[in-house]
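Enquirer: For reference, the structure I am asking about is given below.
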Amino acid sequence: MSVYYPPIQEHEDLIRAALRVIEGTHYGRPEDPHADAEQQYGQEQLALAARALVEAVNVKPADEQPVGWSRTTGEGVA
């Protein structure tokens, strides 16, 4: 068993998108006429970044994926 290292670019993109959503949700200015559009766009970017990270992890060899990642073995399935 090896140590899991996330795909760097996809991992960073996901963090960046999550921070964008947090910024819009918690620190956005209500008087900004584009705040709603920015929030929606940020949420869409977060979903796309999450999908990209999942796809990047899925193509890694099984021993380079997080423990419990594969559902075929029954590990990590609630």
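Enquirer: Can you tally the net charge around ALA52? Count Lys and Arg as +1, Asp and Glu as -1, for every other residue whose Cβ sits under 9 Å from the Cβ of ALA52.
Expert: That works out to -2.
Enquirer: OK, next. Scan the chain and report its longest stretch carrying no GluC sites (Glu not before Pro) that are both in a DSSP loop and have at most 14 other Cβ atoms within 10 Å.
Expert: 32-74
Enquirer: With Rg and Dmax of the Cα atoms in Å in mind, check (i) 13.1, 46; (ii) 14.8, 48; (iii) 16.3, 52 and report the label derived from this structure.
Expert: (iii)
Enquirer: Could you compute the net charge surrounding GLN39? Neighbours are other residues with a C-beta less than 15 Å from the C-beta of GLN39; K and R count +1, D and E count -1.
Expert: With Lys, Arg at +1 and Asp, Glu at -1, the net is -4.
Enquirer: Here's something else I'd like to know. Using a cut-off of 13 Å between beta-carbons, work out the net charge of the residues near SER2 (Lys and Arg +1, Asp and Glu -1, SER2 not included).
Expert: Charge balance in the 13 Å sphere: -1.
Enquirer: Okay, moving on. Dipole of the chain (Lys/Arg Cβ +1, Asp/Glu Cβ -1, origin at the Cα centre): which of HIS34, PRO7, LEU19 lies farthest to the positive side?
Expert: Selected residue: PRO7.
Enquirer: Points 7 angstrom from Cα along the Cβ direction at GLU44 and VAL67: gap in nanometres?
Expert: 3.9
Enquirer: Oh, and also: Helix-only mean residue ellipticity at 222 nm, the chain, DSSP H runs n ≥ 4 weighted -39,500 (n - 2.57), per residue, nearest 500. What is it?
Expert: Helix-only estimate at 222 nm: -19000 deg cm²/dmol.
Enquirer: Note down the accessible area of ARG51, probe 1.4 Å, to the nearest 10 Å².
Expert: Roughly 140 Å² of ARG51 is accessible to a 1.4 Å probe.
Enquirer: Using a Gaussian network model of the chain with C-alpha springs under 10 Å, which one of GLY24, GLY42, GLY68 is most mobile by mean-square fluctuation?
Expert: Of the options given, GLY68 has the highest mean-square fluctuation.
Enquirer: Right, next: Taking the chain as the reference, fit the longest principal axis to its C-alpha atoms, fit the long axis of helix 35-58 to the helix C-alpha atoms, and give the angle between the two in degrees, 0 to 90, nearest 10.
Expert: The angle comes out at about 10 degrees.
Enquirer: Okay, moving on. Give me the number: length gained by fully extending ASP36 to GLU55, i.e. 0.36 nm times residue separation minus the C-alpha to C-alpha distance, one decimal in nm.
Expert: 3.9 nm
Enquirer: While we're looking at this one, here's another question. Round to the nearest 10 and give me the degree value, 0 to 90, for the angle of helix 8-26's Cα axis relative to the longest principal axis of the chain.
Expert: 30
Enquirer: Mind grabbing the accessible area of TYR5 for me, 1.4 Å probe, Å², rounded to tens?
Expert: 150
Enquirer: Give me the percent of accessible area attributable to carbon and sulfur for the chain, probe 1.4 angstrom.
Expert: Heavy-atom surface of the chain belonging to carbon and sulfur, 1.4 Å probe: 57 percent.
The values are calculated or read from the model by the stated rules, or taken from the named source; none is laboratory data. Treat the numbers as computed from the prediction; the structure is a model and nothing was measured. Cβ coordinates were reconstructed from backbone atoms using ideal geometry, including for glycine residues, and neighbour counts include every protein chain displayed. Remember, those area values only see protein heavy atoms, side chains included, never the ligands or the DNA or RNA. Shrake-Rupley method; radii C 1.70, N 1.55, O 1.52, S 1.80 Å.
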